[in-house]
Amino acid sequence: MSCALVTGASRGLGRAIAVQLSKDHGLHILVNYASNEEAAKETLAEIQANGGSGELLHFNVQTKQEVDDALNAWREANPDHYISVLVNNAGITRDGLFMWMPEKDWDDVLNISTKGLFNVTQNAIQQMLRKRSGRIVNIASVSGMKGVAGQTNYSAAKGAIISATKALAQEVAKRKITVNAVAPGFITSDMTKDLDEDQLKQMIPMNRFGKAEEVAHLVSFLCSDKAAYITGEVVNINGGIYS
Ligand code: NAP
């Protein structure tokens, strides 16, 4: 059975992407989460309510051993299942001016985004390479495209994801695996809940924050057969704030 692994699928964009991939492609969804099991169960319930199937898969993306143990054990228990779609979505922000930024805030943001991408992708891609097919979508950000003041750590992390996407896409294109990035602007979720939307929307040409479902539709398209010739690409989805 074809499966999609969505990291950080318990909440926000990850949840919307997990639900959309199930609806559009009938994939069995592996709902990864770090600590919020209740929220992950809600994602799974939403998938099942729409007639789809899935299961929870707990691991912290930044710990290679944890990622390998969880994925290898899942594979052993499910020899007829195969991860054909991987969405590297897990991410955090720890905003602050660079001059006062604690080292831990730099490390945590970089580790979850970039080390997380390495850990999960290196495990999942082996089978895609053998099967000669696969879809990988990495969730970047407008911060990785233009750089955002107060987010030097996050901008560095997302910029690295964009470059890694372009490089890996070239390595695996011959095996019919596509690797793309999506770069959202301000999207309503827990990550942006403390921001002043009324003030910030004034600088967004669309005059509003985006919805997680809007990002999910884009990711779902990139995971479809129709997107077979798109690889190494970064697609902005930001209401016109940056292009
Ligand atoms: P969110 O609502 O804060 O959700 C973050 C998700 O990531 C949660 O499911 C969380 O799991 C998971 N996570 C965090 N650390 C993890 C770890 N070490 N291992 C595994 N999972 C982990 O964030 P969001 O707004 O949906 O953001 C999702 C992605 O989109 C992130 O990469 C973010 O940078 C990117 N993005 C968001 C926006 C925006 O405006 N919202 C804009 C651009 C890009 P738990 O529930 O278990 O904590």
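The values are calculated or read from the model by the stated rules, or taken from the named source; none is laboratory data. All of these numbers come straight from a predicted model, not from anything done at the bench. Positions of Cβ are generated from backbone atoms using ideal geometry, with glycine treated the same way; all protein chains shown enter the neighbour counts. These area figures cover heavy atoms from the full protein model, side chains too; ligands, DNA and RNA do not enter into them. Shrake-Rupley method; radii C 1.70, N 1.55, O 1.52, S 1.80 Å.
On full extension, the segment bounded by residue 193 and residue 37 gains 54.1 nm, given 0.36 nm per residue less the C-alpha separation. Number of Lys-Lys pairs in the stretch 111-205 with C-alpha atoms under 16 Å apart and a separation of 8 or more places or on different chains: 8.
Here the stretch 145-199 is treated with +1 on each Lys and Arg Cβ and -1 on each Asp and Glu Cβ, and its dipole about the Cα centre works out to around 660 debye. Averaging sequence separations of C-alpha pairs under 8 Å and six or more residues apart, then dividing by the length of the stretch 85-243, give the relative contact order as a whole percent. This gives 25 percent for the stretch 85-243. Here the mean projected area of the convex hull built on the C-alpha positions of the chain is 12.7 nm². Toward the positive end of the charge dipole of the chain, with +1 on the Cβ of Lys and Arg and -1 on the Cβ of Asp and Glu, the farthest Cα among 206, 102, 81 is that of 81. Of the chymotrypsin sites (Phe, Trp or Tyr not before Pro) found in the stretch 96-193, no site is in coil according to DSSP while having at most 15 other Cβ atoms within 10 Å of its Cβ. Remark: accessible surface ordering of 242, 82 (largest first) is 242, 82, probe radius 1.4 Å. Highest GNM mean-square fluctuation, the chain, Cα pairs closer than 10 Å: which of 110, 30, 218? Sorting by GNM fluctuation, first place goes to 218. Where in the chain is the longest stretch that carries no trypsin sites (Lys or Arg not before Pro) classed as loop by DSSP and with at most 13 other Cβ atoms within 10 Å? So the longest stretch without any such site is 1-131. Charges on Cβ only, +1 for Lys and Arg, -1 for Asp and Glu, centred on the Cα centroid of the stretch 1-80; of 30, 50, 1, which one is farthest towards the dipole's positive end? Going by the Cα projections, it comes out as 50. With a Förster radius of 25 Å applied to the C-beta separation of residue 213 and residue 48, the computed FRET efficiency comes to 0.85.
Placing unit charges on the Cβ atoms only, positive for Lys and Arg and negative for Asp and Glu, gives the chain a dipole magnitude near 1000 debye about its Cα centre.
Surface composition of the chain: carbon and sulfur make up 50 percent of the accessible area, probe 1.4 Å.
Between 177, 230, 17, the residue with the greatest mean-square fluctuation in the GNM of the chain (Cα pairs under 10 Å linked by springs) is 230. Only helices enter the 222 nm calculation for the chain: every DSSP H run of n ≥ 4 contributes -39,500 (n - 2.57), and dividing by all residues gives -13500 deg cm²/dmol, rounded to 500.
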